[in-house]
């Protein structure tokens with residue numbers, strides 16, 4: 001998952017935290033994140 005550094009910092013942080021909660025607690029989002037990491041080279045430090 002990648003967010004640009006443009007825009008409002010608190011909004012970016014809130015979106016990041018909401019996404020991390022989904023990835024860590026919902027199995028379908030967790031599987032999708034694993035697929036993204038393997039095939040699209042998208043990495044997220046928190047989901048590991």
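Every number in this text was worked out from the coordinates using simple rules, so none of it is lab data. Model, not experiment: these values are computed from the prediction. For neighbour counting, all protein chains shown are included, and Cβ atoms are generated from backbone atoms with ideal geometry for every residue, glycine included.
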Ranked on Cβ counts within 10 Å of their own Cβ, fewest leading, 22, 11 go 11, 22
Taking the beta-carbon count within 10 Å as an exposure proxy, list 5, 38 from fewest neighbours to most.
5, 38
